[in-house]
Amino acid sequence: MTRAESLKQKANNQADFLIFNQTNIKYFCGFSGANALFIPHQGENMLYVSGVNYEQAKIEAKNADVVLIKRGENLFGKMAKQSSSKKFAVDTVPIERWHDLAKAVGGEEKLRSVKNEIRDLRKIKDETEIQLICQACKLADIGIQKASETVRPGTKEKEIAAEAEYAMRKAGSDGTAFDTIVASGFCCAYPHGTFQEKIIENCDFVVVDLGARYRFYNSDITRTFVAGTATDKQKKIFETVKIAQQKAFESIKPGVAAKKVDHIARQVIKEAGFCDFFVHNLGHGIGLEVHEPPILSPDSKDILDTGNVLTVEPGIYLPGFGGVRIEDTVVVTKDGAEKLTAAPYFPVE
């Protein structure tokens, strides 16, 4: 069964699907750069592409006939003419385009959102997707290894990011999954602190958060280092985060509430006296996008299932002092979970 067929089965209606989100288009037909994808409740899928990407789409697109959109042609009107349905299910469009689309199909009453059905479908990764994410994780491991070799007093945060990204590119990455984070010293207290002109100083915590992208799929990993000899306080923070991450990982299996996994990590940090300094969710799904369902958070309504791929990333952030985050990308298996990122944790000593 193709992904488009799975969507039609999941939605269980007689609507034609109008897909405009680029990530969703990639999910259904494996091509990036189309204007829209039309999935009729009966008949062949149609991928609408402008002239600049037309020839490439004919080679790369799967499970869809490629249709050229000529300059000045009304895309919405063309799609409406192709439809034999009186109902249309749309993923995501800006409000202005929604009104234009409604006009083209004969009124807003003919439109409904199918965003949630698609996101639910994408939560469960098939074997091909998992293999692509595995490769992205291997490339991220290479980046972390290079970062570990570069972390030392006197080095700029920018230099570490550059070396890690180059190593991933050289090994086969299609690019970074997101802007690489390298934060040292007091900047580690900012969970999304970005690399700057700061020079690493002796005994600084250094947090490196990076990801690789491979054939559209992403990975995410964080490791924390000490540029020198760690203090007792640094060791305590590091070990607390490491234990929280491991206990949360061990709790992951099909049928477990995502908020329970978050609670387990948060409880470890609370018992160590750092309750107020874990300031973000435990993790998030990852795939074609870096952040997608399911979400590991205190108020998440997600229930984990086989094929979910997500991050587990507890952290402690002390303003003015620094912080620690440890993160892996993991896949939910039928019996539990497996870590897809495998870089060592580089013990703080």
**Prompt:** In segment 160-169, is there at least one residue being crowded, with 22+ Cβ neighbours inside 10 Å and either part of a strand (DSSP E or B) or in contact with a Phe, Trp or Tyr (Cβ under 6 Å, 6 or more places away or on another chain) (or both)?
**Reply:** yes
**Request:** Please verify whether segment 218-229 includes one or more residues that are within 19 Å of V348 (Cβ to Cβ), surrounded by fewer than 19 Cβ atoms within 10 Å (Cβ to Cβ) and in the same structural domain as V309 (by TED's automatic domain parsing).
**Result:** yes
**Item:** Where a residue in segment 164-192 is in contact (Cβ under 8 Å) with a residue 60 or more places away in the chain and its partner, wherever it lies, is of a type in the set (A, V, I, L, M, F, W, C) and surrounded by fewer than 19 Cβ atoms within 10 Å (Cβ to Cβ), with Cβ under 6 Å and at least six apart
**Value:** A177/V290; F178/V290; A189/L318
**Only listed residue being under 30 Å from R169 (Cβ atoms), of a type in the set (F, W, Y) and under 18 Å from the mean Cα position of the chain (by Cα), chosen from Y190, Y214** = Y214
**Fill in**
Residues of segment 116-135 being surrounded by 14 or more Cβ atoms within 10 Å (Cβ to Cβ) and not in a helix (DSSP H, G or I), in sequence order, are I124, K125
**Message:** Looking only at segment 252-280, filter to residues that are in contact with a strand residue (DSSP E or B) (Cβ under 9 Å, 6 or more places away or on another chain) and of a type in the set (G, A, S); which one of those is nearest to L318 (Cα to Cα)?
**Reply:** A272
**Asked** What helices (runs of 4 or more DSSP H) lie completely within segment 1-113 and have 3 or more residues being under 25 Å from the mean Cα position of the chain (by Cα)?
**Response** 3-11, 22-29
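The values are calculated or read from the model by the stated rules, or taken from the named source; none is laboratory data. What you see is a predicted model, and the numbers here were worked out from it, not measured in a lab. Every residue, glycine as well, gets a Cβ built from its backbone with ideal geometry; the counts of neighbours run over all protein chains shown.
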